[in-house]
Amino acid sequence: MTIREGIKADLPQVLKLIKELAAYEKAADQVDNTVEMMVQDGFGDNPIFGFYVAVNDKDKIVGTSIYYYRYSTWKGKRLYLEDIVVTESERGSGIGKLLFDQTIKKGVEENCSGMVWQVLDWNEQAINFYKKYYSAHLDGEWINCSISIEQMRAIVS
């Protein structure tokens with residue numbers, strides 16, 4: 001297994017993994033992202049995300065870690081782990097840990113004050129992964145909030 005930084009050519013396979021994750025999270029119909037959007041957002045004039053891929057010995061991408069930087073008024077520069085996805089047939093083989101460790105290494109190299117991420121409260125497998133390997137602090141106090149672009153447009157119009 002090789003963990004390496006992602007390149008443009010990886011994006012079609014990465015998007016397949018994202019869709020696989022969405023299906024696992026019972027939200028397959030919510031993926032609006034496209035390879036074209038990912039090319040622009042990850043490799044355009046102002047890239048806003050980075051990613052690593054796990055490549056098996058058959059040169060197939062079987063996992064990805066997608067991250068970006070955020071700023072905390074309390075902590076400063078933080079690395080935000082958007083998703084770790086490992087294809088279903090490879091889960092439990094240590095690929096997630098390799099991707100997680102590589103993403104942590106990126107945060108250290110970029111002098112981030114820490115790394116944050118989210119996990120669904122029903123995803124016991126992921127929760128146990130973070131507790132087992134990292135003794136991570138899982139905060140049940142904060143509520144996630146979001147609005148869609150349609151809602152944003154309605155507010156400003």
task = Pick out which of 58, 131, 26 has the largest mean-square fluctuation in a Gaussian network model of the chain, springs linking Cα atoms closer than 10 Å.
result = 58
task = For a label point 7 Å from the Cα of residue 133 along Cα→C-beta, name the residues of the stretch 97-111 whose backbone N is under 20 Å from it.
result = 97-110
Overall Cα dimensions of the stretch 7-53, principal axis frame, Å, largest first = 34, 19, 14
query = So which residue, out of 111, 56, 144, gets the largest mean-square fluctuation from a GNM of the chain using Cα contacts under 10 Å as springs?
reply = 144
note = From DSSP H assignment alone, runs of 4+ in the chain each adding -39500 (n - 2.57), the sum over residues rounded to the nearest 500 puts [θ] at 222 nm at -11000 deg cm²/dmol
ask   = Stretched out fully, how many nm does the piece from residue 75 to residue 153 gain, at 0.36 nm a residue minus the Cα gap?
value = 24.9 nm
ask   = Could you give the length gained on full extension between residue 116 and residue 32, defined as 0.36 nm per residue of separation minus the Cα-Cα distance, in nm?
value = 27.9 nm
message = Starting from the Kirkwood Rh over alpha-carbon pairs, what translational D in µm² s⁻¹ does the stretch 2-156 have by Stokes-Einstein at 25 °C and 0.890 mPa s?
response = 146
task = Please report how far the C-alpha centroid of the stretch 30-65 lies from that of the stretch 90-107, rounded to the nearest whole angstrom.
result = 16
request  = Give me the Debye-computed log₁₀ of I(q)/I(0) at q = 0.16, 0.18, 0.28 Å⁻¹ for the stretch 61-123, equal point scatterers on Cα only, no solvent, two decimals.
outcome  = -0.55, -0.67, -1.18
note = In the chain, helical segments from DSSP H whose Cα atoms cover 20 Å or more along their own axis and that average at least -0.5 on the Kyte-Doolittle scale are 95-109
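None of the figures in this text is laboratory data; all of them are computed from the coordinates on show. Quick caveat, the model's predicted, so the values are computed rather than measured. Quick reminder, even Gly has a Cβ in these numbers, built from the backbone with ideal geometry, and neighbours come from all protein chains shown.
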